[in-house]
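Colleague: First the structure, then my questions, so here it is.
What follows is calculated from the coordinates using simple rules that are stated; it is not laboratory data. Treat the numbers as computed from the prediction; the structure is a model and nothing was measured. Positions of Cβ are generated from backbone atoms using ideal geometry, with glycine treated the same way; all protein chains shown enter the neighbour counts.
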Amino acid sequence: MLEKMRIAIGLPGDATDEHLTLAKQFGCEGVVLATPARLPGEKRWEYEDLVRLREWVESFGLRIESIQNMPAHFIDPVRLALPNRDEQIENIQHIIRSMGQAGIPVLAYNWRPNQLYRTGRVPGRGGALVTAFDLEAAKDLPLSHGRIYTAEEMWANYEYFVKAVMPVAEQAGVRLALHPDDPPGPPIGGVARIFSSFEGFERAGRLANSPAWGLLLCTGCWSEMGGEANVLRGIQYFGPRNQIIYVHFRDVQGTGDHFNECFIGEGNFNVTRVLRALKEVGFTGCLIDDHVPHLAGDEGWAPRGRAYSTGYLMGLLRAVEDLS
Ligand SMILES: [Mn+2]
């Protein structure tokens, strides 16, 4: 039914009617909702609330492509193997089943208990504000979770998680989309960042060994990990396996230790080549914008930057479709 690459849009946790109206005006057919504030629940989300959320989105002629990220306190006990891990795994299983019943097909998550670290904002093209990261400025941050969490632990915790949730996701008809650590690289705040390389995702796929498992392929992060070659490597390996669930289409200038974000088309990779590669591997999910540059007058969710990025992606996709 949806066997076509398409452009959706990422909406913030406090999305309103106006965000959905804008999404429709931009020409999107679907939206990705980040940790929706409309979903109550201290430890989990409930079926009735998920149905209400889907109906609200559909009342604007749109569909929910994915819910992106649970509240950290739902999943940190699992990521860090805290005493209430098993309770939260049961709650996440409940969320997955409820999403399936409510007709919401994808739940995105990451394995990074820390915030998304950036070390500043710098002026990009024409003074638009973009985020920047410099490992030098981040390497001496204090422990974020009280102690060091090694890569071995983070892997063991991940394995425990996937063994518990993937069978439930398969049964529920929900796919779980794994986003990279951002930025990739050595531990920040003492927590190992195991999803910082091609090899990490390849290993995760083997561990999960499930059709419900896949990637939220963030081209920005994959570019941070190793530029265009790494983005193409990820697409060409995971695409034919049907393990790219959806895509964050953004880019950076620079890599790992030192980079800044930028407008689409100004970064490490050739956007046409990357979109063509997605088409060539038969990718049929959605692409969305991802932390866009803030244009003059932009605040919060940056509607001007969003409009620019989304329109750019729509034109690019149209050209790639028409010329292939
Ligand atoms: Mn991303």
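Colleague: Which number in (1) among the hydrophobic types (A, V, I, L, M, F, W, C); (2) more than 13 Å from the ligand (Cβ to nearest atom); (3) closer than 23 Å to PHE269 by Cα marks the one condition that ALA172 misses?
Modeller: (3)
Colleague: Conditions first: (1) more than 16 Å from the ligand (Cβ to nearest atom); (2) within 17 Å of the chain's Cα centre (by Cα); (3) not in a loop (DSSP other than H, G, I, E, B). TYR109 passes all but one, so which condition is the exception?
Modeller: Of the numbered conditions (1) more than 16 Å from the ligand (Cβ to nearest atom); (2) within 17 Å of the chain's Cα centre (by Cα); (3) not in a loop (DSSP other than H, G, I, E, B), the odd one out for TYR109 is (1).
Colleague: Scan region 236-257 residue by residue and report those that are farther than 24 Å from THR119 by Cα, within 13 Å of the ligand (Cβ to nearest atom) and touching a helix residue (DSSP H, G or I) at 6+ places or on another chain (Cβ under 7 Å).
Modeller: Within region 236-257, just VAL247 meets the criteria.
Colleague: To continue, here is another question. What is the one condition in (1) out of contact with any helix residue (DSSP H, G or I) (no Cβ under 7 Å at 6 or more places or on another chain); (2) crowded, with 21+ Cβ neighbours inside 10 Å; (3) within 30 Å of GLY190 (Cα to Cα) that ALA34 does not satisfy?
Modeller: (2)
Colleague: Going by what's in this entry, would ASN260 be described as within 16 Å of the ligand (Cβ to nearest atom), assigned to a helix (DSSP H, G or I) and farther than 22 Å from ALA8 by Cα?
Modeller: no
Colleague: How many of the residues making up region 214-235 are of a type outside the set (D, E, K, R), in a helix (DSSP H, G or I) and within 11 Å of the ligand (Cβ to nearest atom)?
Modeller: 5
Colleague: Mind telling me which of the residues ASN84, ASN91 ends up being crowded, with 19+ Cβ neighbours inside 10 Å and closer than 25 Å to PHE195 by Cα?
Modeller: ASN91
Colleague: While we're looking at this one, here's another question. Quick check, is ILE75 surrounded by 18 or more Cβ atoms within 10 Å (Cβ to Cβ) and out of contact with any Leu (no Cβ under 7 Å at 6 or more places or on another chain)? Full working, then the answer.
Modeller: Details: surrounded by 18 or more Cβ atoms within 10 Å (Cβ to Cβ): yes; out of contact with any Leu (no Cβ under 7 Å at 6 or more places or on another chain): yes.
So ILE75 fits the description; yes.
Colleague: Does any residue in region 177-194 that is touching a residue at least 40 places away in the same chain (Cβ under 8 Å) and part of a loop (DSSP other than H, G, I, E, B) come within less than 8 Å, Cβ to Cβ, of a residue that is more than 14 Å from the ligand (Cβ to nearest atom) and among the acidic types (Asp, Glu) six or more places away or on a different chain, and which pairs are these?
Modeller: Filtered contacts from region 177-194: GLY185/ASP257; ALA192/GLU153.
Colleague: Testing THR35 on (1) on the phi < 0 side of the Ramachandran plot; (2) free of Cβ contacts under 8 Å to residues at least 40 places away in the same chain, one condition comes back false. Which one is that?
Modeller: (1)
Conditions (1) of a type in the set (Phe, Trp, Tyr); (2) within 16 Å of the ligand (Cβ to nearest atom); (3) in a loop (DSSP other than H, G, I, E, B); (4) in contact with a helix residue (DSSP H, G or I) (Cβ under 7 Å, 6 or more places away or on another chain), marked per residue:
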| position | (1), (2), (3), (4) |
| --- | --- |
| PHE269 | yes, yes, yes, yes |
| LEU278 | no, yes, no, yes |
| GLY300 | no, no, yes, no |
| TYR308 | yes, no, no, no |
| ARG318 | no, no, no, no |
| GLU321 | no, no, no, no |
